[in-house]
Amino acid sequence: MVRPYAVTGGRTKPGPSGVRFDLIALVAADDGGPDGPGEALLGPEHRALLALCRDETQSVAELSAEADLPVGVVRVLLGDLLEAGCVRVSRPVPPAQLPDARILREVIDGLRAL
């Protein structure tokens with residue numbers, strides 16, 4: 001088993017990109033990312049995360065569980081992938097920006113009336 005500090009090169013923060021990798025941040029593979037030689041420079045853990053993201057958009061927590069790596073390690077590795085242009089990170093819509101439950105009920109009632 002490889003120690004987490006060996007996987008991340010002793011780093012504990014995801015690099016200078018300034019993106020926060022919250023547990024619910026959504027990560028997707030970027031089609032414009034490096035292929036072939038660029039990917040060959042990535043470590044096996046980087047490639048494993050990238051493969052998981054290619055299948056479907058996943059949260060940081062899901063990636064951590066699927067890759068069987070600590071969340072802190074996944075955040076550092078995702079920072080590397082983001083800087084290399086291999087992944088895109090988006091945040092889910094905050095609850096304050098979601099429609100009000102009253103409005104949704106009115107829409108459902110309106111649809112039932114049709």
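The values are calculated or read from the model by the stated rules, or taken from the named source; none is laboratory data. None of the values given here were measured: they were computed from a predicted structure. Cβ coordinates were reconstructed from backbone atoms using ideal geometry, including for glycine residues, and neighbour counts include every protein chain displayed.
The table for this structure:
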quantity: Pairs, first at pLDDT below 90 in segment 68-97, second outside any helix (DSSP H, G or I) and surrounded by fewer than 12 Cβ atoms within 10 Å (Cβ to Cβ), C-beta under 6 Å, six or more apart; calculated: Pro92/Ile24
quantity: The one condition in (1) under 16 Å from Val7 (Cα atoms); (2) surrounded by fewer than 20 Cβ atoms within 10 Å (Cβ to Cβ) that Ser64 fails to fulfil; calculated: (2)
quantity: Residue list for segment 7-58, filter: of a type in the set (Gly, Ala, Ser) and modelled with pLDDT of 85 or more; calculated: Ala25, Ala28, Ala29, Ala48, Ala51
